[in-house]
Structures are given as structure tokens and as C-alpha cells.
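Visitor: Here it is, the structure, as C-alpha cells.
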Amino acid sequence: MADVIFFDLDGTLVDHRSAALETIGQIVQDAPNATAPPEELVTLWWTLEARHMREYLAGQCSFGEHHRRRLRSFLPMLGEPVPTSPGLLDAWIAERYLTVFEESWRCYPDVQPCLETLKRLPRGPRLAVLTNGDPEQQRAKLARFGLLEYFEAVLTPTELGAAKPLAYATACQRMRTDPAQAVNVGDMLESDVHAAALAGLTGIWLDRGIDFVTGGPSPTADETVLRIERLTDLPNHLSRTNA
């Protein structure tokens, strides 16, 4: 059995994509001066989120500034003026977006049963969350669904000084384990599985049947990829892998 299992958060434990699209969908439906159809604006928001999240993860801006950059590009398409003050941009995000977004969080139903099974294993692995998200927001998600108690650590770029994939080595050091004794479970084939394997960990792909970025079908993986369709398959999968 592995010494440590790292879990990705968004798309693995909590349905971030549905929450974000549901939230921005409500916003654009209530925008009388929008310059594009609702579906186009929803797609634009998701594109801007990916673009500016990459800038945050590369250390080019703070988490708050990545929100502001997204909003500066989005508001003209929504038909609204762009505030020049960072404080007003922050207020828009807090009042118009985050309030609804946080209420839209949903935990996947297979999460707690999986964690309970792992918790009951004799000499079972230690568990940690390894996420590229903002530490405060990610811990709030875990707390909302009573998941914090299962994890020895919640590791983000703030604690580690780097985002995935560079964070894998540092995360193993933080958890006092060798990468060869660590497993990373996540829904992103490249960043959660292939990148983890390159860092010496065992990557397990949680294929929930949807591409997190595009919303289309899952990517195609070769037969060497360790793949599960539900988190509740993970304990047995680990037992077979280590048999």
C-alpha cells in the first residue's frame, strides 16, 4: 500500500466546473446590455478563467489580481463599465460572483465513501490534498463538505512555492515520503497523471467522463494509464496494484 495518497480537488473531490458555469450563467442571463449571446459569454468566462489562472500559477499575479484581470476583459462584453479601482473590482467579484459560486459547490457522491474506506484500512495510507487553487477557498470547500478531517495536509502553491507539476517533489518532501511511495489521484490526464509519473509518483486517472477544460468527452489514454471511473474504485485498485 502507498505511504501517501495525494488527491486533486477541483474536478476530483468538488465539481468546480459545474459551479463556475452555473454561476456565470445566472449572471449573463440577468445582463440586459450584454453584447453577445449567453452561451458565448459563458464560454468566454471559462476561457478567461483558464488564461488568468495560468498567470497566477506562474507567479505573474496574485490570486486576487487573476480575478481582476478576468473581470476587466469580461465586463465590456457584459455591457458594464470597468471600474478603475481594484477595490471595486474585488467588490464585484465578491458580491456578484463568489456569493453564488460558493453556494453552487457540489461534492461528488463517491468522495466520502472512498475516504471512509481508506480511513478504515489497517496501516492505510496517509491522505493529503494537492491543489493549484487558492488555499483559503480550497479549505473552505473541504470544510463545507466535512472533508478536512480526512486529510493530514492541504497543500497549495502558497505553501509549496510552486504549482503542479513542479509541486510534486516539494509535496513529497512536505509529507516526508519518497515519490516512489506516493500516489496522485486526479481528473486531469496530463497534469495529475503523466506529470505525477514524471516526478516519480504513481498517477491514477479519475475519468469522470468529461474533459475539465473543454467540457467535451474525456481524452483518450493509452493502456498503460491507471484509470478509475469512480473514487470508490480506488481502494480496490490500490490493493490490486500492490498485490
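Visitor: Students often check this: by mean Cβ neighbours within 10 Å, which of 101-110, 81-90, 125-134, 68-77 ranks highest, and how do the rest follow?
Guide: Put in order of decreasing packing, that is 125-134, 68-77, 101-110, 81-90.
Visitor: Excluding Asp192 itself, calculate the net charge of residues whose Cβ lies under 9 Å from the Cβ of Asp192, where each Lys or Arg counts +1 and each Asp or Glu counts -1.
Guide: Computed value for this residue: -2.
Visitor: So, with +1 on the Cβ of K and R and -1 on the Cβ of D and E, and no other charges, what is the size of the charge dipole of segment 124-243 about its Cα centre, to the nearest 20 debye?
Guide: So the dipole magnitude of segment 124-243 works out to roughly 340 debye.
Visitor: What does the accessible area per residue of segment 5-105 come to in Å², with a 1.4 Å probe and no ligands, DNA or RNA counted?
Guide: Roughly 44 Å² per residue, with all protein chains present.
Visitor: Right, another one. At 1.4 Å probe radius, can you tell me the per residue accessible area of segment 160-217 in Å²?
Guide: Computed with neighbouring chains in place, this is 44 Å² per residue.
Visitor: Still on this structure, please answer the following. So, with a 1.4 angstrom probe, what is the percent of accessible area on segment 122-208 that is carbon and sulfur?
Guide: Solvent-exposed carbon and sulfur of segment 122-208 make up 53 percent of the total.
Visitor: Moving on. Hey, what angle do you get for helix 111-120 against the long axis of the chain, alpha-carbon based, 0 to 90 degrees rounded to 10?
Guide: So the inclination is approximately 30 degrees.
Visitor: Something else now. Could you tell me which of rounded, prolate or oblate describes segment 101-243, using a ≥ b ≥ c as the square roots of the eigenvalues of the alpha-carbon gyration tensor, with rounded for a/c under 1.5 and, failing that, prolate when a/b is larger than b/c and oblate otherwise?
Guide: Note, shape of segment 101-243 comes out rounded.
Visitor: Kindly identify segment 133-214 as rounded, prolate or oblate by the Cα gyration tensor criterion: order the square roots of the eigenvalues as a ≥ b ≥ c, call it rounded if a/c is under 1.5, otherwise compare a/b with b/c, prolate if a/b is larger, else oblate.
Guide: Judged from the Cα gyration tensor, segment 133-214 comes out oblate (a/c at least 1.5, b/c at or above a/b).
Visitor: Right, next: Evaluate the distance, in nm, between pseudo-label points positioned 7 Å from the Cα of His194 and of Arg176 along their respective Cα→Cβ axes.
Guide: 3.5 nm
Visitor: What does the helix-only formula give at 222 nm for the chain: each DSSP H stretch with n ≥ 4 adding -39500 (n - 2.57), the total divided by the residues, and the result rounded to the nearest 500 deg cm²/dmol?
Guide: Theoretical 222 nm ellipticity from helices: -12500 deg cm²/dmol.
Visitor: Another one. Based on the alpha-carbon gyration tensor of segment 120-180 and its eigenvalue square roots a ≥ b ≥ c, which shape applies: rounded if a/c is under 1.5, prolate if not and a/b is larger than b/c, or oblate?
Guide: Oblate shape, in that a/c is at least 1.5 and b/c is the bigger or equal ratio.
Visitor: Angle between the Cα long axis of helix 63-78 and the longest principal axis of the chain, 0 to 90 degrees, nearest 10?
Guide: The answer is roughly 40 degrees.
Visitor: Contact order normalised by length for the chain, with contacts defined as Cα pairs under 8 Å and 6 or more residues apart; what percent is it?
Guide: It comes to 24 percent, rounded to a whole number.
Visitor: Another one. Under 16 Å from a point placed 7 Å out from the Cα of Ala94 along the Cα-to-Cβ direction: which residues of segment 137-181 have their backbone N that close?
Guide: 137, by backbone N distance to the label point.
The values are calculated or read from the model by the stated rules, or taken from the named source; none is laboratory data. Quantities reported herein were computed from a predicted structural model and do not represent experimental measurements. Ideal geometry is used to build each Cβ from the backbone, glycine not excepted, and the neighbour counts take in all protein chains shown. The accessibility values were calculated without ligands, DNA or RNA, using every heavy atom of the protein model including side chains. Shrake-Rupley method; radii C 1.70, N 1.55, O 1.52, S 1.80 Å.
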